[in-house]
Amino acid sequence: MINVSCVWMTYNSRLVINACMMKFFKTASLFAFLLFPPWSMFSLGLFAAESIIWEAGANEYFKYAEQDTSDFGNNDHPVELNGDKITAVLGSLIIRGQDQSDTSHDSRTVFTAQQAKLLGQYLAAGLSKARPQQDVIFAMERSVSRLYGLNSDRFFLAGRAFYKDKKLNIIIGDFDRPRDKGFEAAYDPTHIGIVRYNFNHGNRTKVSKGFKKTIIQVNGVENRQLNEVLRYDWLVIDIKSASETYVKKAKIRKKEEMTKKRAEIIQILDTKEVGGSTVKRELLEERFTTLKRLRDKGLINEEEYTQKKKQLLDDL
């Protein structure tokens, strides 16, 4: 009889415990729903992992975003682009002066080498899977050394990109935006990188105040003309044409460098008199070795090799 009572009490206890647990989970679920509703979770990015193409910390990323306006129609997405060509073209863009009215000769690239590399890689990847109603927005940093490299300042660059009418469009929003150290110190005193900036990713209908630079003209790259206003912040790029121009310029530049280098080498190989007498035999032997190595590497041709070899032999 005692055993039956114990079993019955144990059974009732389990029912009570189960009922309490169910009530607890229901209450907790309701509390979680009210505190973190699905739309709130999405806005925090917890359900938006698919929108991220690449991310490094809180303020460097490439993401998908809906078009800022539908007034210009859908983009031509998805599209397959060559990331290396994008990198080459963007890395060659040079700005001169502070704005279009500045006549100074100070110049620098629009994007650093690292930024151009990231843009090439992740714009190509992102646009290959983007929907027609989507843009790719991005934010990156660049570091500027000062005090002989002992310290550095960091600046943000942000914008959006899309492909339309067989051309890559990039609208620059924030450009050379400095980090707000006071803001970061207040909200991230431990410097663990949790502070997120609210970036301007550029806008199709509104000119960005962050970029008023004049880009040195490059074939295949132009600024968008909109309502009789030249948009310096909106780059329209014909990747094929611009990359061909880049390759041609690179070849010309390499040829000029080789010509200059060969002229310097030939000058070095010329025998000179030291103290009224010809250079020592050891130095001539070194020059013979150098001459042969230059010919083997293709830095001088056979005719130049023969001519310089004859001059060296005459000095013996």
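For Asp153, the solvent-accessible surface computed with a 1.4 Å probe is close to 50 Å², ligands and nucleic acids excluded. Note on region 108-131 and region 214-262: Cα centroid distance 16 Å, given to the nearest whole angstrom.
Classified by the C-alpha gyration tensor, region 120-224 has a prolate form. Its axis ratio a/c, with a ≥ b ≥ c, is 1.5 or above, and a/b is larger than b/c. Full extension of the chain segment joining Lys254 with Gln114 gains 48.2 nm, where the gain is 0.36 nm per residue of separation less the Cα-Cα distance.
Per-residue packing, averaged as other Cβ atoms within 10 Å, sorts the ranges 64-74, 215-225, 112-122, 134-144 into the order 134-144, 112-122, 215-225, 64-74, beginning with the highest. Taken along the Cα-to-beta-carbon direction at a fixed 7 Å, the label points for Asn82 and Asn227 span 3.8 nm.
Among the listed pairs Lys213/Lys249; Lys63/Lys166; Lys85/Lys181; Lys251/Lys310; Lys117/Lys164; Lys166/Lys206, which are separated by more than 28 Å between their Cα atoms? Cα-Cα > 28 Å for Lys85/Lys181; Lys251/Lys310; rest within. With a Förster radius of 25 Å applied to the beta-carbon distance between Leu283 and Lys261, the computed FRET efficiency rounds to 0.75.
Here the gap between Thr306 and Asn203, fully extended at 0.36 nm per residue and compared with their Cα-Cα distance, gives a gain of 30.7 nm.
The values are calculated or read from the model by the stated rules, or taken from the named source; none is laboratory data. As the structure is a prediction and not an experimental result, all values here were calculated from the model. Reconstructed Cβ throughout: ideal geometry from the backbone, glycine too, with neighbour counts over all protein chains shown. Side chains included, ligands, DNA and RNA excluded: accessible areas come from the protein's heavy atoms. Shrake-Rupley method; radii C 1.70, N 1.55, O 1.52, S 1.80 Å.
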